[in-house]
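Colleague: For reference, the structure I am asking about is given below.
The values are calculated or read from the model by the stated rules, or taken from the named source; none is laboratory data. Note that the coordinates shown come from a computational prediction; the quantities given were computed from them, not determined experimentally. In this analysis, Cβ positions are derived from the backbone assuming ideal geometry, glycine residues included, and neighbour counts consider all displayed protein chains.
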Amino acid sequence: MPAVATPTAPPPALDNPAGGAFSLIFTTMPALLRLTCGLVGAVVALWVRTPPVEPALLLPGVAALTGWSLWYAARALRHGITPALVIGDVAVTTAACLLIPLLVAPEVLPGEGSWIAVLASTTVINTQATAPARWSVPAGLLVIAAYVVGAQAAGNPAEAQAHAATLLVQTACTAMMTAVMRRRIGRADQAFAEHHRLTREALVARTAREAERRQNRDLHDTVLGTLTMVGLGAVPGPSVSMRERCAADLRTLIALTDAGPAPGDGPVPLDGRLRAVPDRLPELRVHLELASCAVPAGVADAITESAYAALSNVVRHAPGAQATLRLTRDAIAVVVEVADDGPGFDPATVPTHRYGLRESVRGRMSAVGGRAEVRSAPGAGTLIRLEWPGVG
């Protein structure tokens, strides 16, 4: 079998669109959350500075945390959230929690409403959303432990217990939600990849089938057609026309093994192509009525070979008949008609395994977006109408 060209692959798509969307969301959200909470926390921290808060420690601490929030957000939005960014955020928050007695005024510590409490909550949520559970859960527990130690050192064990419980719930819920989403998204990406694999395989298989059908049509219309006509006695003995026909069939066989590039698809004169068809069937009398018309090269090839196949059927099945090859066009379609005054036949009685009309005519026209219609009846001749609706 001749080689079958593989179709050009479409532009590559994302291999994991759901995972990519997940990563985008869980990069943007933590970045904005850290930035917002960092800036708001800085304002609140500076607003309430009653003893034992140490301004000498609070001011540089707030400046450092604000700078970190800005850098975290910028880095995350530009390059994504890396393990180093997660580790740095946990470390900064842990240090701030341990310094609660020096950074948070006693009157704002209860009720889990201090800026350090908000910072701790933001960090445990961001960590669960951006790091694997085997690392994010221990990191969350580290922040919780630091908050408990800091709140205890500030003399408020009730706040330590209350916000520790809140942080535990936030850590557990965010970790479970993220795990479920990652698992579901992984399955969606697997299904997406499998769908595209099957689509590519179907495209390759369909292209291979179309190539095989084209090859079978070419063989049917040349070598097999010549042998059939010889067997039916429709072709006289050795002659110049017979030698020319056999040479043309040989060129077709050679062309089937040529894996070179397909011809261009620019407009070509269809009437000129059709005018040469009767020369390939010198034993048949053909009357030509051809209007001037230009169509894409691929369409011209399909119509010309379909007309040749129809005229070859006249030679095989209606020897001695006269045929007419007519080309017309209007604003809607290009129409080619092949008519003969032979004995005709009943199209409904043609066996399904017969290849000529099914592939050599209808199959070719369908491949270029056209259609073929067969009108015939016993004793009434045959008309094959080829129509391509690509004219505007």
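Colleague: Of everything in the range 106-155 that's more than 50 Å from the chain's Cα centre (by Cα) and hydrophobic (A, V, I, L, M, F, W, C), which residue is nearest to Thr27 (Cα to Cα)?
Modeller: Val148
Colleague: Does Thr166 satisfy the condition of being polar (S, T, N, Q) and closer than 24 Å to Ala84 by Cβ?
Modeller: Against the criterion (polar (S, T, N, Q) and closer than 24 Å to Ala84 by Cβ), Thr166 does not qualify.
Colleague: Just to check your reading of the model, which residue among Ala202, Ala211 is modelled with pLDDT under 90, surrounded by 15 or more Cβ atoms within 10 Å (Cβ to Cβ) and outside the structural domain of Ala117 (by TED's automatic domain parsing)?
Modeller: Answer to the check: Ala211.
Colleague: Which fully enclosed helices (runs of 4 or more DSSP H) of the range 15-134 have 3 or more residues being at pLDDT below 85 and among the β-branched types (Val, Ile, Thr)?
Modeller: Of the helices (runs of 4 or more DSSP H) lying wholly inside the range 15-134, those with at least 3 residues that are at pLDDT below 85 and among the β-branched types (Val, Ile, Thr) span 17-47.
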